[in-house]
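Taking it in order: structure first as structure tokens, then the write-up.
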Amino acid sequence: MKKPELGIPGAFRESAKRFTELREKKPSESEVVEIIEKAKKRKEQSRPKKSARPRDLET
Amino acid sequence: VSRVVPASQFEWYLKELPSPPQGCFVDTNLLFAADYEVHRLYDEAVELGEALLLHRIPIFSNATIRSELLELKRRVLIGEALLDFLEMGQKHLPVRVVNALRSLKTSIRESIATGSHYLLSDRQIKKSRDLFESEIGPGTWKDFCSKFIGDKLESEWERQVERKGINYLDGRPSEYLTSPIEWSDAIRLIETFGIGTSDAMILNIFLKSVFPFIVTAIGSWLAPDPCPVSQGVVF
């Protein structure tokens, strides 16, 4: 059986610091605007196109 | 007989143990609190964790603890990301999204003002996802996650294992377990004490381990009578 691993003293403080740094990493404002604008475009494109008026379909 | 040892008396407790412990279980709440500086138990958690390492007591964990820790971090990351998304994109966001995110911001502020940290619930996350998809447009949520969360959780557990030396017990026969881990035993704990499934799975493996104590902050385990824990509980 493998001997249990022991951690490195200081690891708990270091881990908290690392998680804080990770939380502080953010995309730029222009990237956020890009996400929104692209999604709006997709929404616009996915809207059903106006169907032909009934009279146009009459033969 | 169980014994609850406050974190402040941990050093004394270790001295009283008849022999040096082969290891101990550390519950999700200690690992999470120690990683999250705004957590109300942050200081205690870091001090306890560091004391374990200084006394060279190996830390053990299982699949439930790993999955719970990642889940808590996901909820923190998404909560904070939603507020950043509002701050950076509010001029471009539909009114309904702005209002929903502002209301979330207020809840977070109120929570911080009362001295506690704020964790978004899974329900709130799903509600935000549905709102993004219907109000902003299809695919928004996926793009939001990819930009704000990215690979932040990917190496999270490996780092915990590598630096804190967390050892993994998966229920297979081991010199650290006194009997096999059975589902039926975990279910019995749920039925007897009304605890949650995840808590029961952690408690079940701890009760079958050779370890004298578990470090946890879960109050329901600490009830003096009846108490499912026969070994020491520290926090």
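The values are calculated or read from the model by the stated rules, or taken from the named source; none is laboratory data. Here the structure is a predicted model, which is why all the values come from computation and not from measurement. Methodologically, a virtual Cβ is constructed for each residue, glycine included, from the backbone with ideal geometry; neighbour enumeration extends over all protein chains shown. Calculation scope for accessible area: heavy atoms of the full protein, side chains included, ligands and nucleic acids excluded. Shrake-Rupley method; radii C 1.70, N 1.55, O 1.52, S 1.80 Å.
Odds and ends about this structure:
- Single residue of region A:1-15 satisfying the filter (within 17 Å of B:V210 (Cα to Cα) and more than 7 Å from chain B (Cβ to nearest Cβ)) that is least open to solvent (accessible area, probe 1.4 Å): A:K2
- Residue that is nearest to B:I78 (Cα to Cα), among those in region A:23-36 that are within 7 Å of chain B (Cβ to nearest Cβ) and assigned to a helix (DSSP H, G or I): A:R23
Residue by residue, here is whether (1) polar (S, T, N, Q); (2) more than 10 Å from chain A (Cβ to nearest Cβ); (3) surrounded by 16 or more Cβ atoms within 10 Å (Cβ to Cβ); (4) touching a Lys or Arg at 6+ places or on another chain (Cβ under 6 Å) holds:
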position	(1), (2), (3), (4)
B:R129	no, yes, yes, no
B:E133	no, no, yes, no
B:G150	no, no, no, no
B:V161	no, no, yes, no
B:D170	no, yes, no, no
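- If you check B:L93, B:L153, B:L77, B:L119 for being touching a residue at least 24 places away in the same chain (Cβ under 8 Å) and in a helix (DSSP H, G or I), only one passes: B:L77.
- Test for B:Y176: is it touching a Ser or Thr at 6+ places or on another chain (Cβ under 7 Å), within 11 Å of chain A (Cβ to nearest Cβ), closer than 29 Å to B:A51 by Cβ and open to solvent by less than 20 Å² (accessible area, probe 1.4 Å): yes
- Scope region B:1-27; condition more than 14 Å from every other protein chain (Cβ to nearest Cβ) and within 27 Å of B:E158 (Cβ to Cβ); matching residues: B:D27
- Unique residue being at pLDDT 90 or above, in a loop (DSSP other than H, G, I, E, B) and of a type in the set (S, T, Y) when the list is B:S198, B:S184, B:S174, B:S230: B:S174
- Filtered by the rule that a residue be open to solvent by 50 Å² or more (accessible area, probe 1.4 Å), modelled with pLDDT of 90 or more and not in a helix (DSSP H, G or I), region B:201-227 gives a lone residue, B:V210.
- Residue satisfying all of: in region B:76-107; surrounded by 18 or more Cβ atoms within 10 Å (Cβ to Cβ) and more than 12 Å from chain A (Cβ to nearest Cβ); farthest from B:V26 (Cα to Cα) among these: B:A100
- Just one of the numbered conditions (1) in a helix (DSSP H, G or I); (2) in contact (Cβ under 8 Å) with a residue 60 or more places away in the chain is not true of B:L82: (2).
- Residue in region B:70-87 that is over 19 Å from the mean Cα position of the chain (by Cα), among the acidic types (D, E) and over 27 Å from A:L6 (Cα atoms) present: yes
- Failed criterion for B:D122 (all others in (1) surrounded by fewer than 17 Cβ atoms within 10 Å (Cβ to Cβ); (2) modelled with pLDDT under 90 hold): (2)
- For A:T20, the conditions (1) closer than 16 Å to B:L86 by Cβ; (2) loosely packed, with under 15 Cβ neighbours inside 10 Å; (3) at the interface with another protein chain (Cβ under 7 Å from one of its Cβ atoms) all hold with the exception of (1).
- Residue within region B:91-109 that is among the aliphatic types (A, V, I, L, M), touching a helix residue (DSSP H, G or I) at 6+ places or on another chain (Cβ under 8 Å) and at pLDDT below 95 present: yes
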